[in-house]
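*Asks:* First, the structure itself, so that you have it in front of you.
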Amino acid sequence: MTIQSPFSWAAQALPQIASHLQPPAWVVDEMLNRLVLLINHVLMSEPQACQRLARQKGQRIEIVWQGMKLQLQPTAAGLLERAAFDGFDLRLTATQDSPLDIVSALARGDKPKVRIEGDVQLAAEINWLIDHVRWDAEEDLARLVGDAPAHTLVQAARKALSALRSFVAQRAPGASVGTAA
């Protein structure tokens, strides 16, 4: 005799409900503003990155994912600012619809799959930034809590990320299941 959980309906309904829930436009807009602030914070720590972006001043970059658009323009200071414009010089469209797929790719150290349209030179500069500019979270954290606690926290985060990477690698399609130690 099979006993069915009284919450079995939730297991079926929750994925459908979650796929239809969308945050309000102001929440998305504020999240994008915070993302641009974080990107600029990271860029400011790399003078060469700012110089490379400054050469692209005025170019129109559009990043698209699931109907959301983030339109950016490099400034004379080598930072990025949000802008509204028609057309683009470079459009980067994320081809993976699932946020979990994108996070999995990033956790493995891979770049998310992107379709590139537009200016090849600008695309090469953006690719250089992605390959060479990294956020030094430990340095930022050290300003708040001191060097030793920051180092300890970052080491713990690295271990957690390593565990997440190995978990994702085990669950990835094509991964061997049940490897012996």
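*Asks:* Got a sec? Which of 150, 123, 163 is surrounded by 12 or more Cβ atoms within 10 Å (Cβ to Cβ) and not assigned by TED's automatic domain parsing to the domain that holds residue 63?
*Replies:* Matching residue, one of 150, 123, 163: 150.
*Asks:* If you don't mind, there's one more thing I want to ask. Among the residues of region 86-106, which ones are surrounded by fewer than 18 Cβ atoms within 10 Å (Cβ to Cβ) and more than 16 Å from residue 67 (Cα to Cα)?
*Replies:* Within region 86-106, 100, 101, 103, 105, 106 qualify.
*Asks:* I would also like to ask the following. Taking residue 73 as meeting all but one of (1) in contact with a strand residue (DSSP E or B) (Cβ under 7 Å, 6 or more places away or on another chain); (2) farther than 18 Å from residue 42 by Cβ; (3) surrounded by 16 or more Cβ atoms within 10 Å (Cβ to Cβ); (4) among the polar types (S, T, N, Q), write down the number of the exception.
*Replies:* Unmet for residue 73, out of (1) in contact with a strand residue (DSSP E or B) (Cβ under 7 Å, 6 or more places away or on another chain); (2) farther than 18 Å from residue 42 by Cβ; (3) surrounded by 16 or more Cβ atoms within 10 Å (Cβ to Cβ); (4) among the polar types (S, T, N, Q): (2).
*Asks:* Which ones in region 76-85 are assigned to a strand (DSSP E or B) and surrounded by fewer than 17 Cβ atoms within 10 Å (Cβ to Cβ)? Spell out how you get there, then give the answer.
*Replies:* Here is the first cut: in region 76-85, the residues assigned to a strand (DSSP E or B) are 80-82.
Matches in region 76-85: 81, 82.
*Asks:* Could you say whether any residue in region 40-58 is in contact with a Lys or Arg (Cβ under 6 Å, 6 or more places away or on another chain) and exposed (fewer than 14 other Cβ atoms within 10 Å of the Cβ)?
*Replies:* no
The values are calculated or read from the model by the stated rules, or taken from the named source; none is laboratory data. None of these values were measured; they are calculated from a predicted model. Backbone-built Cβ (ideal geometry, glycine too); neighbour counts: all protein chains shown.
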